[in-house]
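Heads up: the structure comes next, in structure tokens.
The values are calculated or read from the model by the stated rules, or taken from the named source; none is laboratory data. Note that the structure is predicted; figures quoted are calculated from it, not measured. Reconstructed Cβ throughout: ideal geometry from the backbone, glycine too, with neighbour counts over all protein chains shown. Ligands, DNA and RNA are excluded from the accessible area calculation, which covers all protein heavy atoms including side chains. Shrake-Rupley method; radii C 1.70, N 1.55, O 1.52, S 1.80 Å.
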Amino acid sequence: MKRALILMSGGQDSTTCLYQSISEYGRAWLRAIGFNYGQRHVEELEAAKEICADLRIPYKVIDLPILKQLTSNSITDPGIPIDKKMPASGPPNTNVDGRNLIFLSCAAIYAKNHGITDLIMGVSETDYSGYPDCRKNFMDSMQTSLRLSMDYDFNVITPLMRMSKAQIWQLAKDLGCLDIIEKQTITCYNGESGSGCGECPACKLRNEGYNQFINNK
């Protein structure tokens, strides 16, 4: 039986992936991993910890202070105001250079040492937010690189890659976890649960998707 490791932030997307993986793998074959990299708040990690505990799925948090030391952005530096709108060109200042590259590398090391081949990450290219490390071609290249670097049959799986936020809300409903996603996850860059602060880009994207989901029902 294949085993899977969910990269679990405590937000809408990764939590939806977690519930989807339960139906595909079974709880006994799942683990989850999160990263404390000096982000503005740790409420998202606390949310992930509680959700995993309720589901009886082991959750490991890895400290990665290196990201805060290497790059300057509004997520790891509270002195930089968060962009409220997408810039005319280039990624927003919420982009953390190399974040998913480092996350996947660390997750893969952990996975191999626990006999896990499948790495599941809730990134989406459809609702692209200007982050280059959320694109499918990057995820495909990481799978190749991880296999070569550790001589191990990793599968980097991104179930939400082609889905809009409205479709992800619908998936949560189909999985029977809509109430959990709506009330317990934290997507907000300012650490507010549910619909969040309503002003940061993450909240706007989440809430616009929710409104589309409700109106299409």
Next item on the list: Quick one: count up the residues across the stretch 124-149 that are open to solvent by 60 Å² or more (accessible area, probe 1.4 Å) and in contact with a Phe, Trp or Tyr (Cβ under 7 Å, 6 or more places away or on another chain).
Entry: 1
Next item on the list: Only one of these is open to solvent by less than 80 Å² (accessible area, probe 1.4 Å), touching a residue at least 24 places away in the same chain (Cβ under 8 Å) and in a loop (DSSP other than H, G, I, E, B): Ile75, Ile102, Ile51, Ile62. Name it.
Entry: Ile75
Note to self: Please pick out the residue among Tyr152, Tyr110, Tyr210, Tyr189 that is in a helix (DSSP H, G or I), touching a helix residue (DSSP H, G or I) at 6+ places or on another chain (Cβ under 6 Å) and open to solvent by 30 Å² or more (accessible area, probe 1.4 Å).
What the structure shows: Tyr210
Notebook entry, point to check: Restricting attention to the stretch 155-179, which residues are assigned to a loop (DSSP other than H, G, I, E, B) and among the hydrophobic types (A, V, I, L, M, F, W, C)?
Noted result: Leu160, Met161, Met163, Cys177
Next item on the list: Determine whether Glu182 is closer than 27 Å to Ser74 by Cα, open to solvent by 40 Å² or more (accessible area, probe 1.4 Å), modelled with pLDDT of 95 or more and part of a helix (DSSP H, G or I).
Entry: yes
Check: For the stretch 1-15, what are the residues that are more than 16 Å from Arg56 (Cα to Cα) and hydroxyl-bearing (Ser, Thr, Tyr)?
Finding: Ser9, Ser14
Next item on the list: May I ask you to list the residues in the stretch 131-168 that are within 29 Å of Ser89 (Cα to Cα) and among the aromatic types (Phe, Trp, Tyr)?
Entry: Tyr131, Phe138
Item checked: Residues satisfying the stated conditions in the stretch 155-170, i.e. open to solvent by less than 70 Å² (accessible area, probe 1.4 Å), within 16 Å of the chain's Cα centre (by Cα) and within 21 Å of Glu24 (Cβ to Cβ) -> Val156, Ile157, Thr158, Pro159, Leu160, Met161, Met163, Ile168, Trp169
Checklist line | Subset of the stretch 86-99 [touching a Pro at 6+ places or on another chain (Cβ under 9 Å) and either polar (S, T, N, Q) or in contact (Cβ under 8 Å) with a residue 40 or more places away in the chain (or both)] | finding: Met86, Pro91, Pro92, Asn93, Thr94, Asn95
Notebook entry, point to check: Among (1) surrounded by fewer than 17 Cβ atoms within 10 Å (Cβ to Cβ); (2) modelled with pLDDT of 95 or more, where does Asn216 come up short?
Noted result: (2)
Margin query: Looking at Leu119, Leu18, can you tell me which residue is outside any loop (DSSP other than H, G, I, E, B) and farther than 24 Å from Gly194 by Cβ?
Written below: Leu119
